[in-house]
Amino acid sequence: PLIMTIMIVICSFLLGTALGVSGTLSAVMVFLAIMAHKGSASFALALTMVKSKMTPYQAYAAFICFALATPLGIVLGSLVHHYLSGHTTLVFKAIVISMASGVFLYLATTHGLRHTPFVKNCHCNTNFLVMLVWLFITIGVSVLMSYAHYVH
């Protein structure tokens, strides 16, 4: 549960940073993305803590770190937004969102999928690689469509 907490805190902090560095319209989109996963992430974290051997004090402390991660990220993002401008802000935001996505994907694939029927019944690495290839194709199409929308 401690490693899961750290990873969720990192992801929440990075998404908060992306929110803080965003302009108005994209801040709304990042905020909606944060709200969409915050409830399920907090539920999964609380469930993991209850099943663990953590003391109530340790669980509360870890959960408070999770709760404060996004607001602290927003503060950092606002400070960065104040000092950066133009293209540099977009590059910074892209880096922060990609890092948050990477942490989230790592957490989902190593901890979330470990106990699913797909992983338990799939004893072949080739099938998992095929799934990853299609995942990256989907991500690539999404990025290209976003870029086309931005350019047009």
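Values in this text are rule-based calculations from the coordinates and carry no lab data. It should be emphasised that the depicted structure is a prediction, and the values quoted were computed from it without experimental measurement. No Cβ is skipped: glycine too gets one built from the backbone with ideal geometry, and neighbour counts run over all protein chains shown.
Peptide packing: for 54-62, 91-99, the average count of neighbouring Cβ atoms within 10 Å per residue gives the ranking 91-99, 54-62, highest mean first. The calculated Kirkwood hydrodynamic radius for segment 1-58 is 12.5 Å, given to one decimal from all distinct C-alpha pairs. Remark: spin-label model distance Y60-V91 equals 4.6 nm, labels positioned 7 Å along the Cα→Cβ axis. The label point for L84 and the one for I137, both projected 7 Å from the Cα toward the Cβ, are 3.3 nm apart. Per residue, the Cα convex hull of segment 56-99 amounts to 60 Å³.
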